[in-house]
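The values are calculated or read from the model by the stated rules, or taken from the named source; none is laboratory data. Nothing here was measured: the structure is a model prediction, and the numbers come from that model. A quick note on method: Cβ atoms are made from the backbone with ideal geometry, for glycine too, and the neighbour counts reach across all protein chains shown.
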Amino acid sequence: MATAADLPRALKELADFVGFGEADTQTIRSTAALVLAHEARLTTALYEHFLQHPQAAKFFVREDGTPDVERIERRKHSLGRWLEEMAQAAMGTETAYYLLAMGLSHSHRSWGRGGTVPPDLMVGAMSLTQTALAQVFAANLPAAEALAASSAWNKLLLLHLTVLLRGYLREGLRFGGPS
Ligand code: HEM
């Protein structure tokens, strides 16, 4: 079974498996400015969505049930940093461990009334991000470019998700281990 030390190699192998190559890397980088121009709107939309759903909202409300504005602002900021990191389409060791640490802070730390963040919410958050990005591309790019951008970002988002979910999976990843 792959261990944490194999993570960077696992990420590269999985990137090969899903066909995330040079063309996708170029597409991510060439659409980075467009994505980052919408950063505030994307992060706000995600957190507004969380607040409308009790399973997600409980991580971001105070004891009296009102939104914990400070925690939400902190989260928007770190989500923005994650988008910036993703926009570089990096697949190296630093990115792998940045994502692992981020995942572990969801799977292994308890947050206020919410407890640890359940994995299905992580998957749901990634789905919401995919949808929001597809809308940005569709509204701002010619159809063929929007399709290429959505395809590349979707691959990258799910590569990130695989690492974020690592702390939840008892078996760990098979990629990166002995073949
Ligand atoms: C696309 C998926 C997600 C990404 C990329 C993400 C990103 C981040 C990052 C970068 C941090 C700061 C990490 C740290 O302090 O180590 C964080 C913290 C946190 N996240 Fe997420 N997150 C995601 C999904 C979720 C979901 C679905 C929830 C719950 C509904 C959630 C709740 C939290 C909480 C409660 C914190 C700590 C809050 C605090 O600082 O007080 N996250 N997240």
When the range 13-33 is checked residue by residue, the ones that are in a helix (DSSP H, G or I), buried (at least 16 other Cβ atoms within 10 Å of the Cβ) and not polar (S, T, N, Q) are GLU13, LEU14, ALA15, ASP24, ILE28, ALA32
Scan of the range 95-120 for residues that are within 8 Å of the ligand (Cβ to nearest atom), crowded, with 17+ Cβ neighbours inside 10 Å and part of a helix (DSSP H, G or I), ordered by number
MET102, HIS106
LEU36: assigned to a helix (DSSP H, G or I), within 25 Å of ALA152 (Cα to Cα) and near the ligand (Cβ under 9 Å from one of its atoms), yes or no?
no
Consider only pairs whose beta carbons are under 8 Å apart and that are at least six residues apart or on different chains; among these, list those whose first residue lies in the range 67-87 and is within 16 Å of TYR98 (Cα to Cα) and whose second residue is near the ligand (Cβ under 6 Å from one of its atoms).
TRP82/MET102
TYR47 versus (1) on the phi > 0 side of the Ramachandran plot; (2) in contact with a Lys or Arg (Cβ under 7 Å, 6 or more places away or on another chain): which is the lone unmet condition?
(1)
Among the numbered criteria (1) assigned to a helix (DSSP H, G or I); (2) more than 12 Å from the ligand (Cβ to nearest atom); (3) within 17 Å of the chain's Cα centre (by Cα), which one does MET91 miss?
(1)
Pairs, please: C-beta under 6 Å, at least 6 apart or cross-chain, first residue closer than 22 Å to ALA4 by Cα and touching a residue at least 12 places away in the same chain (Cβ under 8 Å) and in the range 103-126, second part of a helix (DSSP H, G or I) and within 9 Å of the ligand (Cβ to nearest atom)?
GLY103/LEU164; VAL117/HIS106; MET122/LEU164
Has the range 139-157 got at least one residue that is within 11 Å of the ligand (Cβ to nearest atom), modelled with pLDDT of 95 or more and not charged (D, E, K, R)?
yes
Scan the range 54-85 residue by residue and report those that are near the ligand (Cβ under 9 Å from one of its atoms), surrounded by 15 or more Cβ atoms within 10 Å (Cβ to Cβ) and over 19 Å from the mean Cα position of the chain (by Cα).
LYS58, ASP68
Under 8 Å between Cβ atoms, which residue pairs at least 6 apart in sequence (or on different chains) link something in the range 31-58 that is free of Cβ contacts under 8 Å to residues at least 40 places away in the same chain with a partner that is in a helix (DSSP H, G or I) and not aliphatic (A, V, I, L, M)?
THR44/LYS76; TYR47/ARG75; TYR47/LYS76; ALA57/PHE50
